[in-house]
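The values are calculated or read from the model by the stated rules, or taken from the named source; none is laboratory data. Remember, it's a predicted structure, so these values are computed and weren't measured experimentally. Cβ coordinates were reconstructed from backbone atoms using ideal geometry, including for glycine residues, and neighbour counts include every protein chain displayed.
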Amino acid sequence: MIENLIFLGPPIAACVVLAGILSYFGNHILTRGIIFIDIAIAQIAALGTMTGLLFGFAEESFSVQIISYGFTILVISLFAVLKSRKMAISQEAIIGILYCVALGLALLLAEKISGGSNYITKTITGNILWVTWKQVLYTLIVVVAVGAIHISYSKKFIQISENIRDKKGAENKRFLELLFYITFGFVIVKAVFIQGIFLVFILLIAPAAIVRLFTANWKQRFIWSWVIGILGSIIGIYISYEYNVSNGPAIVCLLSTLVFLAAFVKVFLKLFRREPLSKIVNNIKE
């Protein structure tokens, strides 16, 4: 038992750290209505890493991380700038194209890298069970730095996400948008390396979506989405370890199921408030 806890310590710690910051960004992403920006940026981060591997750098080397950050920050900065302009093409269309281009290039690079197909699989599903305490520490440093920035500008970021027109804050709105997306990119690069693209996406969207069904209060949404992300990740890790299945897909399936269950509960609660329970039961029987 103790040996199991020692082995699962780093994965659980990584989930606690990343679930908090990802669910925070997820609440903003859902409010802004750009749902797939995270999966597109995650794929771009993975493309940057594969480019570094093509140049012969080690997967966990500083050079590879710099290339990955460079790719991510460049693309997300361009998106933040273009987002503030009127475009003939919708944001979701641009995001979809970014994702397809990044994935297509990654598949092409995989053909030129030894073990490239295995790395493609790893970037998608992740392998959080093998994360180290060193990786957790570096991730915590990034998360704390990003968290400090967002605490400082929390009200401004919420106003922008809700599209509240604040004339006093209009002058630095473009700067704040750029700051939001750049810090988001830093978190995504760290998270993808540990958790994989699909798990990062589900931790961003699923916990925030569940809590959004029941409350509009930002503070409550941040807290409860973090709690749901942590619990879902820990239970998923346990299932993965106990039954020898892939950790990423296990957590993804669990959190996805919770979204549908939460939606069902929301519908049931609405019916229960409008009609007596006995009437609902009779309607079901009929």
Consider the range 30-64. How many of its residues are part of a helix (DSSP H, G or I) and either acidic (D, E) or buried (at least 20 other Cβ atoms within 10 Å of the Cβ) (or both)? 17
So if I check each of A209, A216, which one is out of contact with any strand residue (DSSP E or B) (no Cβ under 9 Å at 6 or more places or on another chain) and not in a helix (DSSP H, G or I)? A216
Flagged in the range 174-189 as of a type outside the set (V, I, T) and without any contact (Cβ under 8 Å) to a residue 60 or more places away in the chain, in numbering order, are F175, L176, L179
Every residue from the range 219-249 that is over 27 Å from V267 (Cβ atoms) and in a helix (DSSP H, G or I): I234, I237, Y238, I239, S240, Y241, E242, Y243, N247, G248, P249
With respect to T132, determine if the residue is exposed (fewer than 15 other Cβ atoms within 10 Å of the Cβ), under 30 Å from K266 (Cα atoms) and β-branched (V, I, T). no
How many of the residues in the range 243-273 are without any contact (Cβ under 8 Å) to a residue 40 or more places away in the chain and of a type in the set (K, R)? 2
Qualifying position, being of a type in the set (D, E, K, R) and either within 18 Å of G248 (Cα to Cα) or in contact with a Gly (Cβ under 6 Å, 6 or more places away or on another chain) (or both), among K134, K122: K122
Considering the range 189-240 alone, what residues qualify as being under 15 Å from L129 (Cα atoms), aromatic (F, W, Y) and surrounded by fewer than 24 Cβ atoms within 10 Å (Cβ to Cβ)? Y238
Just to check your reading of the model, which residue among I149, I120 is in a helix (DSSP H, G or I) and either out of contact with any Ser or Thr (no Cβ under 9 Å at 6 or more places or on another chain) or within 17 Å of I39 (Cα to Cα) (or both)? I120
Restricting to the range 50-76, give me the number of residues that are at pLDDT below 85 and hydroxyl-bearing (S, T, Y). 1
I'd like to check something: does the range 107-129 contain any residue that is touching a Pro at 6+ places or on another chain (Cβ under 6 Å), under 22 Å from F186 (Cβ atoms) and surrounded by 13 or more Cβ atoms within 10 Å (Cβ to Cβ)? yes
